[in-house]
Structure formats: structure tokens, C-alpha cells
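Have a look at the structure below, then the notes.
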Amino acid sequence: HNKTCSNARSPVQQRRQGRIRAGRSLPRARSMAAKVQSMNEHVAALLDVTCADDADEENRSLYRTAIDAVKRASDMCHGVQRGLAEEDTKAKQDDSPVTIADYAAQAVIALTLMQNSKGGSKNVRLVAEEDANELRDGGRLTEAVANLVRTAMDDGELTNAQVCDAIDVGLYEGGDQGGNFWVLDPIDGTRGFVGR
């Protein structure tokens, strides 16, 4: 006669009790939604901390702009991931994948920072992972990236060249050139993003 242990709980019961980190065993779509929600909560908390009363107005504005940029890009990436097709991904020279979401997220963040910077692109220093070399010749991939950026930025007038230029704002090398700069990896873990 086999006895069942009354203390044994299913993963769902354990998660409800906080014993398993939420999202780990959920279906991927729901897990991604939970991650986006969690990220938005962390961003809101960051805004509260960084925009405390002792922060000057210029820094508050800068933080709000950065948070807006990340929210726009993450919402766009979440939408792309749900419908990502094989032709939306390509291999870089180092054999790592890059997707339309990588390029578009970088452009959206750069454009948002530039729109809210006093000197436009000249005052935005961004060290980022992608460059627009593969997109400058046009084609399906370029159009897909540009359409994502136009939608995320709510600007149907953006040209493919402007989107490529925004991606290339990320070519800043940083280092001893003085001043502050942003560092961006549009999608950290593209292989996982592609694998959903």
C-alpha cells in the first residue's frame, strides 16, 4: 500500500507560497508579461529614488527621459517577441543573433534621448551594441526595423536613414573623452529572446 505525503505540494502551490520564484515554470508568454510588469515596477521605484527632492530639475528630467525611453523600447520588444519570424533574425559576424527588436530598441532609446536633449544627437553619448551598417542598403529587414521605430515613436515621418542614424548614435566609444554617457545592450540575451 503506497502512502502519499500530505506535505508534498505541486509547483503551483509552492509558488503561491513563495517557495519557487514566480514566472520560472509559467508558459513563456505569461512569463514575459510578468517580467515586463516587474521591470515597470522597478522602473517606477527607480524614478521615485532618483527623482527625490534633493535631485535637481535637470537630473529629474534626464531620469524621466531615460525611463520613458526604456519603457517604449521594452513594450516594443515584447510585441516583437510574440510574432518574431525567422527572417526577423540574422547572425552577426561573431555568430551571435541580432533581431529587428535589437536594432529598433536601440533606435527608440537613442531617438527618445535626442528628442529630450538640448543639443539633439550632439549631446547624446551612447555606447551601444548594434550599428546600422547592415541596414543602410535597405531591404526587408531595414523596413521592418524602421516600421517598428515609427510605431514606437508615433512618428510616421521618420525615414529609414533617420532610423539608421539613430542606431549609429550608439557608436560612441566612451572612455577618457570626458562627460557622462549611456551604455546600452538593447536585448541582453538575444538567444533567449529568439528561443522564447
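Just a few scattered comments:
- Residues of the stretch 102-140 with amide N under 16 Å of a point placed 7 Å along Cα→Cβ from Asp176: none
- Share of Cα-Cα pairs in the stretch 58-195 lying beyond 28 Å, as whole percent: 13
- Amide N of the stretch 99-135 lying under 12 Å from the label point, which is placed 7 angstrom from the Cα of His78 along Cα→Cβ: none
- Probe 1.4 Å - accessible area at Glu58, Å² to nearest ten: 140
- Size-normalised alpha-carbon gyration radius of the stretch 65-125, reference 2.2 N^0.38 Å: 1.29
- Ranked by solvent-accessible area (1.4 Å probe, protein heavy atoms only, all chains present), the residues Leu158, Leu62 order from largest to smallest as Leu62, Leu158.
- With N counted as the residues of the stretch 155-196, its alpha-carbon radius of gyration over 2.2 N^0.38 Å works out to 1.59.
The values are calculated or read from the model by the stated rules, or taken from the named source; none is laboratory data. Just so you know, these numbers come straight off a predicted model, no measurement behind them. Every residue, glycine as well, gets a Cβ built from its backbone with ideal geometry; the counts of neighbours run over all protein chains shown. These area figures cover heavy atoms from the full protein model, side chains too; ligands, DNA and RNA do not enter into them. Shrake-Rupley method; radii C 1.70, N 1.55, O 1.52, S 1.80 Å.
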